[in-house]
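J.: My structure is below; once you've seen it, I'll send some questions.
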Amino acid sequence: MMTRQGLFIRWLLGWVMMGVFGLFNPGIAATTSSSTADHTKFKELQQTFSSGQEVTRACLACHTEAAKQVMKTQHWTWNSLNPNTGQMVGKKTLVNNFCIGIASNYPDCTSCHIGYGWKDKTFDFTAEENVDCLACHDSSGTYRKPSGLAGHPVYKEMEFPPGSGEVLRPVDLTKVAQQVGKSSRYTCGACHYYGGHGNGVKHGDLDTSLEAPDKEVDVHMDALGLDFSCATCHMTTGHQIPGSRFQMSVMRAGPLLRGMLDKRNPATCESCHGNSPHTAQTMVRMKPLPGFTKVAMAAMVNRHGEKIACQTCHIPAMARGGVATKMLWDWSAAGKMGPDGKPMVKKDAKGHVIYDSRKGAFTLAENVVPEYVWFNGEVKYTLLGDKIEKGEGYVPINRFGGSPNDGKSRIWPVKVYRGIQPYDPINSTLVIPNIHEGDDPSSYSVGFNWEKSIAKGMAEVGAPFSGKVDFIKTEMLWPITHMVAPKEKTLACTECHNQYGAFSEGRMKNVPGLKKGRLFRLAP
């Protein structure tokens, strides 16, 4: 594991290597010496830009079809129809148990939209100039879109939030526009590392430790090794980025050669490694069972892949890069004030925020062992308006389909994100509160009144609200697929099987459908 100082040193070293030795570092900087275009020479970009839309208009003068392509993607619509469940899913529609929902909170949430100006439900999704090219293609490292500005960068020096004393400096749009390139771990991570309004909050396997990771954190993205960018796996065509968590590929389908005319998802382990990646030479942690040769042992482990996702063995823990992930968000604890009667923030010994008057209490953790479930790729969500019932357990925000006997499931590692969030006890539904940190008195962050906050949020989406508020325990599953460990750090047999091969102990003990009795005796 690396400290934040160590991560910075590796990040800096990547830039030095690229600048001094002319090496291409796709994970940090996307511009290469082999590029066929020098954007500093384009007359369209040799001007002073006063807004992001002006930059986009200049981009579209050459890249005439780019905005049209972007507008067909989930990154633009934040909405799509799941053909398996018939549900409309995406950030625009779904309720979660961290930031809860975007309705009435647009200026905060849409800082991670690849567009400009989505401040309310009247946003024009058809205006090509609203597409933000720089969010994905900046290679200067200077482009930022602060929360609260509805997807805009800072155009002029400003104090934000008002009264905070924090001064934001404007982005040099000309400089950024002239230094565009391929997407990178940095540009993708500017949003995906910060899902849930903070570093490592939502995903257990995506945080800023992946900007310049070492081999121990991710063997593929190792900044001084293979140095994969996100697009190395999520290979994009026409701005369509494969690998959506809303329509996951979980079963084995064999290798996929780059350039094949195939609609399969290339962002799977098998696309590169095939269905039989283990050999006698690669089985560094596996001692052969009595009577097994190394070759036979490798063949048996390959057969494990029929029922066990690669990630289950090759990602032994999440949040391994020195950034804690949030495991519990308790909104019911919000509203407590400091001794001066003003909102307060509390931090633990490591500097993690564990309480915020505006948001509630948090539990964070590092090096977290995932939970394991049978998963066949089907995910069904509890939507706004679906009836829920408060009880002793957790209400599922999403449900992963799968069983040991359906012939299409494998055991997957997941982060289980738990929350305590407001709901309507009369209508028995989840709710969306207005929590935008602006100056709207109906916002909980301003007025600290749940009834007013929820009334505003539910009115925004045209959903009924009884006026009564209670809190309910919820949980949400997130598949773990990043932070792949080196082969020396993969799971050993004994972490799932006991000495007789049974699953009565270890990581798989709570997974249904596995034999709990004796199977064999592991080698001493």
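J.: Which strands (runs of 3 or more DSSP E) sit wholly inside the stretch 298-395 and have at least 1 residues that are open to solvent by 40 Å² or more (accessible area, probe 1.4 Å), over 30 Å from P441 (Cβ atoms) and not hydrophobic (A, V, I, L, M, F, W, C)? Full working, then the answer.
T.: Values: elements: 325-330, 345-347, 353-356, 360-365, 371-375, 379-381.
In the stretch 298-395, 360-365, 371-375, 379-381 are the strands (runs of 3 or more DSSP E) which contain 1 or more residues that are open to solvent by 40 Å² or more (accessible area, probe 1.4 Å), over 30 Å from P441 (Cβ atoms) and not hydrophobic (A, V, I, L, M, F, W, C).
J.: Under the condition of being without any contact (Cβ under 8 Å) to a residue 12 or more places away in the chain and in a loop (DSSP other than H, G, I, E, B), which residue from the stretch 443-468 is most open to solvent (accessible area, probe 1.4 Å)?
T.: Per the stated criteria, the residue is G462.
J.: Separate question: Answer yes if at least one residue in the stretch 199-210 is within 22 Å of M71 (Cα to Cα), touching a helix residue (DSSP H, G or I) at 6+ places or on another chain (Cβ under 9 Å) and of a type in the set (G, A, S), and no otherwise. I'd like the intermediate steps shown before the answer.
T.: Within the stretch 199-210, the subset within 22 Å of M71 (Cα to Cα) is none.
Within the stretch 199-210, none of the residues are within 22 Å of M71 (Cα to Cα), touching a helix residue (DSSP H, G or I) at 6+ places or on another chain (Cβ under 9 Å) and of a type in the set (G, A, S).
J.: Tell me, which residue of the stretch 32-88 that is touching a residue at least 24 places away in the same chain (Cβ under 8 Å), within 19 Å of D138 (Cα to Cα) and of a type in the set (D, E, K, R) is least open to solvent (accessible area, probe 1.4 Å)?
T.: It comes out as E54.
J.: Now a separate question. For T93, indicate whether it is assigned to a loop (DSSP other than H, G, I, E, B) and exposed (fewer than 14 other Cβ atoms within 10 Å of the Cβ).
T.: When the stated conditions are applied, T93 does not pass them.
J.: Now a separate question. Among all residue pairs at least 6 apart or on different chains, which show Cβ distances below 6 Å where the first residue, located in the stretch 509-524, is farther than 29 Å from F400 by Cα and the second is at pLDDT below 90 and of a type in the set (S, T, N, Q)?
T.: So the pair list comes out as L522/Q499.
J.: Among the residues that make up the stretch 110-125, is at least one of them in a helix (DSSP H, G or I) and open to solvent by less than 20 Å² (accessible area, probe 1.4 Å)? If you could, list the steps in order and put the result at the bottom.
T.: Taking the stretch 110-125 and keeping what is in a helix (DSSP H, G or I), we get 110-112.
Narrowing further to those that are open to solvent by less than 20 Å² (accessible area, probe 1.4 Å): 110-111.
Taking every residue of the stretch 110-125 in turn, at least one turns out to be in a helix (DSSP H, G or I) and open to solvent by less than 20 Å² (accessible area, probe 1.4 Å).
J.: Determine whether T142 is at pLDDT 95 or above and more than 23 Å from the chain's Cα centre (by Cα).
T.: Values: at pLDDT 95 or above: yes; more than 23 Å from the chain's Cα centre (by Cα): no.
No; evaluated as a whole, the condition is false for this residue.
J.: If the requirement is being of a type in the set (A, V, I, L, M, F, W, C) and closer than 24 Å to R245 by Cβ, which of these qualifies: L168, L149, L210, L134?
T.: On the way: L168 fails: closer than 24 Å to R245 by Cβ; L149 fails: closer than 24 Å to R245 by Cβ; L134 fails: closer than 24 Å to R245 by Cβ.
Only one candidate qualifies: L210.
J.: How many residues does the stretch 119-155 contain that are in contact (Cβ under 8 Å) with a residue 12 or more places away in the chain, β-branched (V, I, T) and more than 15 Å from Q69 (Cβ to Cβ)?
T.: Here is the first cut: in the stretch 119-155, the residues in contact (Cβ under 8 Å) with a residue 12 or more places away in the chain are 119-121, 123, 125-126, 128-155.
Okay, now just the ones that are also β-branched (V, I, T), so 126, 131, 142, 154.
Cutting the leftovers down to more than 15 Å from Q69 (Cβ to Cβ) gives us 142, 154.
The total comes to 2.
J.: Oh, and also: For the stretch 481-502, which positions are surrounded by 14 or more Cβ atoms within 10 Å (Cβ to Cβ) and modelled with pLDDT under 85?
T.: Passing the criteria: N498, Q499, G501, A502.
J.: Continuing with this model, one more query. Residue by residue through the stretch 268-297, note down the ones that are in a helix (DSSP H, G or I), farther than 25 Å from N498 by Cβ and either open to solvent by less than 50 Å² (accessible area, probe 1.4 Å) or in contact with a Phe, Trp or Tyr (Cβ under 8 Å, 6 or more places away or on another chain) (or both).
T.: C269, E270, S271
J.: Go through the stretch 162-189 and give me each residue that's without any contact (Cβ under 8 Å) to a residue 60 or more places away in the chain and out of contact with any Leu (no Cβ under 7 Å at 6 or more places or on another chain).
T.: Result: G163, S164, G165, E166, V167, L168, R169, P170, V171, D172, K175, C188.
J.: Could you check the stretch 469-508 and list, in sequence order, the residues that are closer than 21 Å to R418 by Cα and without any contact (Cβ under 8 Å) to a residue 60 or more places away in the chain?
T.: Of the residues in the stretch 469-508, the ones closer than 21 Å to R418 by Cα are 469-482, 507-508.
Passing the criteria: only V469.
J.: Just need a number here: residues in the stretch 126-149 that are in a loop (DSSP other than H, G, I, E, B), of a type outside the set (V, I, T) and either on the phi < 0 side of the Ramachandran plot or in contact with a strand residue (DSSP E or B) (Cβ under 8 Å, 6 or more places away or on another chain) (or both). Can you show your working first?
T.: Taking the stretch 126-149 first, the residues in a loop (DSSP other than H, G, I, E, B) are 126-127, 132-133, 139-149.
Filter once more, so that each one left must be of a type outside the set (V, I, T): 127, 132-133, 139-141, 143-149.
Applying the additional criterion that residues be either on the phi < 0 side of the Ramachandran plot or in contact with a strand residue (DSSP E or B) (Cβ under 8 Å, 6 or more places away or on another chain) (or both) yields 127, 132-133, 139-140, 143-147, 149.
Number of matching residues: 11.
The values are calculated or read from the model by the stated rules, or taken from the named source; none is laboratory data. This structure is a prediction, so every number in the text was calculated from the model and none was measured. In this analysis, Cβ positions are derived from the backbone assuming ideal geometry, glycine residues included, and neighbour counts consider all displayed protein chains. In case anyone asks, the SASA skips ligands and DNA or RNA and just uses the protein heavy atoms, side chains included. Shrake-Rupley method; radii C 1.70, N 1.55, O 1.52, S 1.80 Å.
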